[in-house]
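Colleague: The following block contains the structure, expressed as structure tokens.
The values are calculated or read from the model by the stated rules, or taken from the named source; none is laboratory data. What you see is a predicted model, and the numbers here were worked out from it, not measured in a lab. All Cβ positions, even for glycine, are placed from backbone atoms using ideal geometry, and neighbour counts span all protein chains on display. Keep in mind that these areas ignore ligands, DNA and RNA; they rest on the heavy atoms of the full protein, side chains included. Shrake-Rupley method; radii C 1.70, N 1.55, O 1.52, S 1.80 Å.
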Amino acid sequence: KYPDHKFVASGGNYSYQVRCLGLELEEARLTKEFMLRLGVPVTQIDTLMNSHSTMDESSEILEYCKQHNLHDITVISSALHLRRVRRVFEDKFKEAGISICFHGASAEDYTPDNWWSSEEGLIMTNNECVKLLYYWLKY
């Protein structure tokens, strides 16, 4: 769909579920593998695997943008995480002269209208509330 676009998958954390299978794959590599299975050419995908938090990711992605002279990017994250992602990225990228758009990806098991009806929705919402508070206090 976007043959001229470059995609960058980020995240250095390991999925516990995948580790249970004996695989050591960072979030970024899992995303890359998923994109490859969807038909995205390997030449269009870069990975950044040194970050372990949204704050770390924002810095790592900003450095990537500077190194590759990028001025317009779109950040795709879970719709549930988007408020925090926006707060972390917006000012930093604006100061660097990089225009940034945000896109919230939907979860498969719940929506913003029924997150309380599934265990995953409850856990993700609880975690996000704690992270919002943590980021507000720390940053």
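Colleague: 222 nm [θ] for the chain, helices only, -39500 (n - 2.57) per DSSP H run of 4+, per residue, to 500?
Modeller: -14500 deg cm²/dmol
Colleague: What figure, in Å² to the nearest 10, do you get for the accessible area of THR47 with a 1.4 Å probe and non-protein molecules left out?
Modeller: 40 Å²
Colleague: About its Cα centre, how strong a charge dipole does the chain have in debye, to the nearest 20, once Lys and Arg get +1 and Asp and Glu get -1 at the Cβ?
Modeller: 240 debye
Colleague: Also: Viscosity 0.890 mPa s, temperature 25 °C: Stokes-Einstein D of the chain from its Kirkwood Cα radius, in µm² per second?
Modeller: Estimated diffusion coefficient is 150 µm²/s.
Colleague: From the phi of every residue in the range 38-54, what ³J(HN,Hα) in whole Hz does the Karplus formula 6.51 cos²θ - 1.76 cosθ + 1.60 yield, where θ is phi - 60° and glycine or proline is x?
Modeller: Once rounded to whole Hz, the list reads 7, x, 6, x, 4, 5, 9, 10, 10, 10, 10, 10, 9, 9, 10, 8, 4.
Colleague: Give me the dipole magnitude in Debye, nearest 20, for the range 13-92 about the Cα centre, with unit charges on the beta carbon: positive for Lys and Arg, negative for Asp and Glu.
Modeller: Roughly 260 debye, rounded to the nearest 20.
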